Amino acid sequence: MKCPSLYVLCMLTTVYCLVMSSPSLAANERNLVRGKKLYEKYCLACHGPQGRGDGARQFDPPVADLTSSDVLLKPDSRLLKSIHDGRPNTAMDAWKSKLSDEAIRDVLAHVLTFPR
């Protein structure tokens, strides 16, 4: 016969892990606030205030319009990779040396709030 207290302990541990791994609303809000601040610091000059590629700095080829269907149809994993590793043959630098993976996710979460 299996030990019932061990079973209960395993179940409680599982529930605890599920609850703790789910982001709370406050954490999500904090991440969006952080993402906005990071976007304004690192991205706004090129991508503009609403992500349309109309920032003060212009490049050839032009920076991505983050509200375009070309960008929006890409999976989040691809967008995260673009921020992390940069885009070859464009002005998009890799941000992996300046931003943590969590910070990059926060920036993307903010970008995904832009009006389409």
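Taking helices (runs of 4 or more DSSP H) as the structural unit, those lying wholly within the stretch 1-86 and holding at least 1 residues that are modelled with pLDDT under 75 and open to solvent by 100 Å² or more (accessible area, probe 1.4 Å) correspond to 4-21, 25-42.
Every residue in the stretch 60-98 that is over 11 Å from the mean Cα position of the chain (by Cα), within 26 Å of Arg30 (Cβ to Cβ) and in contact (Cβ under 8 Å) with a residue 24 or more places away in the chain, please. The answer is Leu66, Thr67, Leu72, Trp95, Lys98.
Scanning the stretch 87-103 for residues that are part of a loop (DSSP other than H, G, I, E, B) and either open to solvent by less than 60 Å² (accessible area, probe 1.4 Å) or over 17 Å from His47 (Cβ atoms) (or both) gives Pro88, Asn89, Ala91, Met92, Ala94, Trp95, Lys96, Ser97, Leu99, Ser100.
The values are calculated or read from the model by the stated rules, or taken from the named source; none is laboratory data. Quick caveat: nothing in here was measured; it's all calculated off a predicted structure. Glycine also receives a Cβ, built like all others from the backbone with ideal geometry; neighbour counts cover every protein chain displayed. When the accessible area is computed, the model is the full protein with side chains, heavy atoms only, and any ligands, DNA or RNA have been set aside. Shrake-Rupley method; radii C 1.70, N 1.55, O 1.52, S 1.80 Å.
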